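Since every read-out is calculated from the coordinates, none of them should be taken as a lab result. Bear in mind the structure is a predicted one, so any value in this text is a computation, not a measurement. Here the Cβ is made from the backbone with ideal geometry for all residues, glycine too, and neighbour counts use every protein chain on show.
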Amino acid sequence: MRYGAHDVLDGVEFEVHRGEVICLLGPNGAGKTTTIEILEGFRMRSAGEVSVLGEDPARAGEDWRARTGVVLQSWRDHPRWTPRRLLDQLGGYFAPYSTPEVARPVPVDELLEMVGLTELADQKIVTLSGGQRRRLDVAIGIVGRPELLFLDEPTAGFDPHARREFHQLVHRLSDLEGTTILLTTHDLDEAEKLADRILILAEGTIVAAGSAEQLARQVARDAEVRWSRNGETFVHSTADATAFVRELLNEHGEDVTDLEVRRASLEVIYIDLVHSHELPARETIR
Ligand code: ADP
């Protein structure tokens, strides 16, 4: 993808399977929004091939649009409406796209229940808190029962409780409804909890892809083993935690308590991967 003379995406190639939850991570300016907007059909690409639900988003029609759902970073319209009225109105647009296999829209009561807004259904939207507002944004994104849902930083500004509830909603959508989900986030913990696969984008290129465990294996980092023995706490870094623990237990058996093995956190892995991509580029400039 090129803006003017500036290539901002280059060699971004990936496939997403039905029902998968994919998380796009990357520093600001890496190209996440551009990638997502091309897939959503909101931005025309300058080159390359894209197929989403079997069609090119740049040319796809309303039938295709009805099969996708988009949760943008924020939606601030209709402050004096109630969630019920807004969802009812928006849902109406999807009714013509209902099929025997996929009933559209999701009935409003079911939708309100899914996002935890039942109690607030008849309250003015302007009175909702940030987290409640965001849940309404998600409800708007899924009112048409999308097969593919795009979520752009869905939990920015959530408190831990709202975040947890949102994560349960994502699991429900992917596990029970079979929704394919592509989300961007800056929250690495969220990526680890939600994603079947993480794509790390840096300077317009995918620098790593895989589950959190697979990414961990790409970064040569030792795991940390912690344990206590006779009231004393020990910490040891090792590349082979299993062998170390086996030996530890062989040697000290039942004296060992509070055993814990921690692999490198996704944060450490992420910083390593993005850094190792950026370093060679910086060196060339010098
Ligand atoms: P991210 O979402 O990862 O922060 P973006 O996709 O927004 O990254 O941006 C990627 C790059 O493209 C950045 O260098 C940004 O400045 C540039 N860019 C984004 N939108 C435009 C635009 N409309 N015109 C020119 N450059 C743009």
Exercise for the section: Using a 10 Å cut-off on Cβ atoms, rank the peptides 12-18, 36-42, 103-109 from the highest mean neighbour count down. Expected result: 36-42, 103-109, 12-18
Practice task
Amide H neighbours of Glu20 under 5 Å, at least 5 residues apart or on other chains, H built in the peptide plane: list them.
Solution key: Ile181
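Per residue, what volume in Å³ does the convex hull of the Cα atoms of region 219-285 enclose?
87 Å³
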Practice task
Mind giving me the nanometre distance, one decimal, between the label points for His275 and Ala5, set 7 Å out from Cα along Cα→Cβ?
Solution key: 3.4 nm
Handout entry: Simple spin-label estimate for Glu232 and Phe42 in nanometres, 7 Å along Cα-Cβ
Key = 5.9 nm
Completion exercise
In whole µm²/s, the translational diffusion coefficient that Stokes-Einstein assigns to the chain, given a Kirkwood hydrodynamic radius over C-alpha pairs, 4 °C and 1.567 mPa s, equals 61 µm²/s
Problem - Cα-centre dipole for the chain with unit charges at Cβ (Lys and Arg positive, Asp and Glu negative), debye to 20 - result: 1020 debye
Practice task
Output the peptides 19-31, 262-274 sorted from most to least packed, where packing is the average of other Cβ atoms within 10 Å over each peptide's residues.
Solution key: 19-31, 262-274
Completion exercise
Check: C-alpha center region 141-156 vs C-alpha center region 10-43, spacing in Å is 14 Å
Exercise for the section: Using a 10 Å cut-off on Cβ atoms, rank the peptides 236-242, 186-192 from the highest mean neighbour count down. Expected result: 186-192, 236-242
Exercise for the section: Using label points projected 7 Å from each Cα along Cα→Cβ, tell me how many nm separate Glu62 and Arg172, to one decimal. Expected result: 3.0 nm
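What percent antiparallel are the DSSP beta bridges of the chain, to the nearest 5?
Values: 20 of 37 bridges.
Looking only at bridges with both residues in the chain, the antiparallel portion is about 55 percent.
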